[in-house]
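The values are calculated or read from the model by the stated rules, or taken from the named source; none is laboratory data. Source: prediction; values computed, not measured. Neighbour counts are summed over all protein chains in view; Cβ atoms, including those assigned to glycine, are modelled from backbone coordinates with ideal geometry. Each accessible area value is taken on the protein alone, full model and side chains, heavy atoms only, with ligands, DNA and RNA left out. Shrake-Rupley method; radii C 1.70, N 1.55, O 1.52, S 1.80 Å.
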Amino acid sequence: MKEKNVFHVNGYLGLIAALILLVAGGYLLWSGSQTGSMGSIIFGTVIIILDLLFASSLTIIQPNEAKVLTFFGQYIGTIRTSGLFMTVPLTSKQTISLRVRNFNSSIIKVNDSKGNPVEIAAVIVYKVVDSAKAIFSVEDYEQFVEIQSESAIRHIASEYPYDSFDEDTDKLTLRGNATEVSLALQKELQDRLDVAGLQIIET
């Protein structure tokens, strides 16, 4: 499943149309009740129902947020543009943040490539780039980041020695090559989190 755009137009036009339908439907119901005309009452009722459909299609999207739309259980698309919009009626709309997030991992004890115990932690900076994957491909993408980050940290730490101890000075170490180790962690995490529609900005 991948994110896709869904039909949406300027919501202010939809709001004006909904108000016009509300006034027209209300007037027909009132005039029908005054004159006893069943045609006016039925027509006014139909217009009120259409007005409710218009109202259900209106949605407000804040900056750096997206709305994921499902229609009777089927994903139909995402709106990323902020503002008031009119979209497909009778849809369920789920809000997801597109803001950059930080995750501070807890300090974990691991063994480096030589079996020495070390304590290590990381700061993961990420954001949602595919709202459909983030909502539907994993149960909870924030918890997914936490679990996958710990697994990736453990794996990367076991790939390098903590220090060279004056031997094999050309070999990368956790202490001496923090930038290279960080880039390796970022690449591994990105591979793990692609399924959830997340982008790792920095580790």
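Is it the case, given these coordinates, that Ser97 is at pLDDT below 90 and polar (S, T, N, Q)? Before you say what the answer is, go through the steps one by one.
Numbers: at pLDDT below 90: no; polar (S, T, N, Q): yes.
So Ser97 fails the test.
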Out of all the residues in segment 25-48, which are open to solvent by 40 Å² or more (accessible area, probe 1.4 Å) and among the hydrophobic types (A, V, I, L, M, F, W, C)?
Leu29, Trp30, Met38, Ile41, Ile42, Phe43, Val46, Ile48
Are any of the residues in segment 75-85 without any contact (Cβ under 8 Å) to a residue 40 or more places away in the chain and outside any loop (DSSP other than H, G, I, E, B)?
no
Mind checking which residues of segment 13-50 are touching a residue at least 24 places away in the same chain (Cβ under 8 Å) and in contact with a Gly (Cβ under 9 Å, 6 or more places away or on another chain)?
Gly25, Ile47, Ile48, Leu50
Condition broken by Ala121, with the remaining ones in (1) within 30 Å of Gly14 (Cα to Cα); (2) of a type outside the set (Asp, Glu); (3) over 17 Å from the mean Cα position of the chain (by Cα) satisfied:
(1)
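When the residues of segment 49-68 are narrowed to those that are open to solvent by less than 50 Å² (accessible area, probe 1.4 Å) and assigned to a helix (DSSP H, G or I), which ends up farthest from Ala24 (Cα to Cα)? Let's see the steps before the verdict.
Residues of segment 49-68 that are open to solvent by less than 50 Å² (accessible area, probe 1.4 Å), as a first pass: 51, 56-59, 61, 65-68.
Narrowing further to those that are assigned to a helix (DSSP H, G or I): 51, 56.
Details: Asp51: 10, Ser56: 18 Å.
Out of the qualifying residues, it is Ser56.
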State which residue is farthest from Phe85 (Cα to Cα) when the search covers only segment 5-24 and only residues that are aliphatic (A, V, I, L, M) and surrounded by 14 or more Cβ atoms within 10 Å (Cβ to Cβ).
Ala24
Being of a type in the set (D, E, K, R) and more than 16 Å from Val100 (Cβ to Cβ) is the filter here, so list the residues in segment 113-139 that pass it.
Lys114, Glu119, Lys133, Glu139
Apart from one, (1) open to solvent by less than 40 Å² (accessible area, probe 1.4 Å); (2) assigned to a loop (DSSP other than H, G, I, E, B) all hold for Lys2; the odd one out is (1)
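Looking at segment 69-109 only, could you name the residues that are among the hydroxyl-bearing types (Ser, Thr, Tyr) and either touching a strand residue (DSSP E or B) at 6+ places or on another chain (Cβ under 8 Å) or surrounded by 11 or more Cβ atoms within 10 Å (Cβ to Cβ) (or both)? Can you show your working first?
At the first step, the residues of segment 69-109 found to be among the hydroxyl-bearing types (Ser, Thr, Tyr) are 70, 75, 78, 81-82, 87, 91-92, 95, 97, 105-106.
Listed by number, the residues that qualify are Thr70, Tyr75, Thr78, Thr81, Ser82, Thr87, Thr91, Ser92, Thr95, Ser97, Ser105.
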When you scan segment 91-132 for strands (runs of 3 or more DSSP E) that lie fully inside it, which ones turn up with 2 or more residues that are without any contact (Cβ under 8 Å) to a residue 24 or more places away in the chain and closer than 23 Å to Ala196 by Cβ?
101-104
Scanning segment 124-147 residue by residue, the ones that are under 30 Å from Lys171 (Cα atoms) and surrounded by 21 or more Cβ atoms within 10 Å (Cβ to Cβ) total 3
